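The values are calculated or read from the model by the stated rules, or taken from the named source; none is laboratory data. From a predicted model like this one, the values you see are computed outputs, not experimental measurements. So basically every Cβ, Gly included, is an ideal-geometry build from the backbone, and we count neighbours across all protein chains shown. Only protein heavy atoms, including side chains, enter the accessible area calculation; ligands, DNA and RNA are left aside. Shrake-Rupley method; radii C 1.70, N 1.55, O 1.52, S 1.80 Å.
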Amino acid sequence: MSGVETGTSTERAASTAPRSGVAARLTFGGLLHAEWIKLWTLRSTYWCFLIAVALTVGFGFLVAVAISSTGLGDTGSRPGATSALAQAATGGTSIAELVVAVLGALIVTGEYGTGMIRTTFLAAPRRFDALGAKALVFVLVAFGVGIVAVAISTGIAIAVVTGAGLHPDLGEPGLWGALLGGAGALALVGLLAVGIGMLVRNSAFAITLSVGILFVLPIIMSILSGVTQAHWVTDLIAYLPSQAASTMSSYDPHGLTSSLDPWQAALVLGLWAGVFVGLGVLAAERRDA
């Protein structure tokens, strides 16, 4: 994301506010509209979301083909076929989360990097409102993109697995919960990265920290669990953001793969995101832009 691009979009969004005196003042609705404009003015938004959709759909197709051709798992039974469909439809979201996390960090740090965040705070002196609007717009858009990606991936996966003679139960509520969970996980991971961006304000640091929490920390915890054989370490892994996101998109009616139910995993991931957003807003309130 270039400084010119970020600066232009910020100025354009800020110009939508009614001006009184020397500074513009925005209502929260106006802030939402401004953040919507800023988000879609950035070329990186289109590229990142397109890549996220492509990864979700492409990886889902490959998983569906692999399961259908090799019979991985208990695909002969109806529950097994349903689980295979959920795995294929949402498996790619775990990779797409990386792209959405990068974008989530950049939409915040880009403004800080160019100094255009000062324009935003001039238009909205209450920084809680300004940053809250940014986070809300991004998480809703990311969820919408996730719904589209999972829907396309599900349609392709259904065609592949049924064409191979598998018969998933499309009326199973747990299946649709897993599909919604995949989209929700994508949005919450993006929100987590937004919070990290608010907190550290540096693009490279925010991306590194986001990737570290999502992908490196689980590896470290797994190694620690293997070395120490400590049950509390193993139990703690279920509460990491990446594992919670995976549980949200899993079809596991018997609770065999995680100690958390999908709705509990959603609360855990939402708590991670909420903590970082809260810390980011608090830091913004206490320091200069």
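At a glance:
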quantity: Scan of region 171-211 for residues that are of a type in the set (A, V, I, L, M, F, W, C) and closer than 18 Å to residue 91 by Cβ, ordered by number; calculated: 175, 176, 178, 179, 180, 183, 185, 186, 187, 188, 189
quantity: Residues of region 128-158 satisfying the condition of being touching a Gly at 6+ places or on another chain (Cβ under 9 Å) and of a type outside the set (A, V, I, L, M, F, W, C); calculated: 146, 153, 154
quantity: So residue 210, is it open to solvent by less than 50 Å² (accessible area, probe 1.4 Å) and small (Gly, Ala, Ser); calculated: yes
quantity: Number of positions in region 114-137 that are open to solvent by 30 Å² or more (accessible area, probe 1.4 Å) and in contact with a Phe, Trp or Tyr (Cβ under 8 Å, 6 or more places away or on another chain); calculated: 2
quantity: Residue 111 in a helix (DSSP H, G or I), open to solvent by less than 20 Å² (accessible area, probe 1.4 Å), within 15 Å of residue 35 (Cα to Cα) and modelled with pLDDT of 85 or more; calculated: yes
quantity: Lone qualifier among 218, 241 - being within 27 Å of residue 109 (Cβ to Cβ) and surrounded by fewer than 19 Cβ atoms within 10 Å (Cβ to Cβ); calculated: 218
quantity: Identity of the residue in region 169-178, without any contact (Cβ under 8 Å) to a residue 40 or more places away in the chain and assigned to a helix (DSSP H, G or I), that ends up surrounded by the fewest Cβ atoms within 10 Å (Cβ to Cβ); calculated: 173
quantity: Residues of region 138-168 satisfying the condition of being among the small types (Gly, Ala, Ser), part of a helix (DSSP H, G or I) and open to solvent by 20 Å² or more (accessible area, probe 1.4 Å); calculated: 144, 151, 155, 159, 163
quantity: Residue 115, sole failed condition from (1) touching a His at 6+ places or on another chain (Cβ under 9 Å); (2) at positive phi; calculated: (1)
quantity: Residue among 195, 270 that is touching a helix residue (DSSP H, G or I) at 6+ places or on another chain (Cβ under 9 Å), within 30 Å of residue 115 (Cβ to Cβ) and open to solvent by less than 40 Å² (accessible area, probe 1.4 Å); calculated: 195
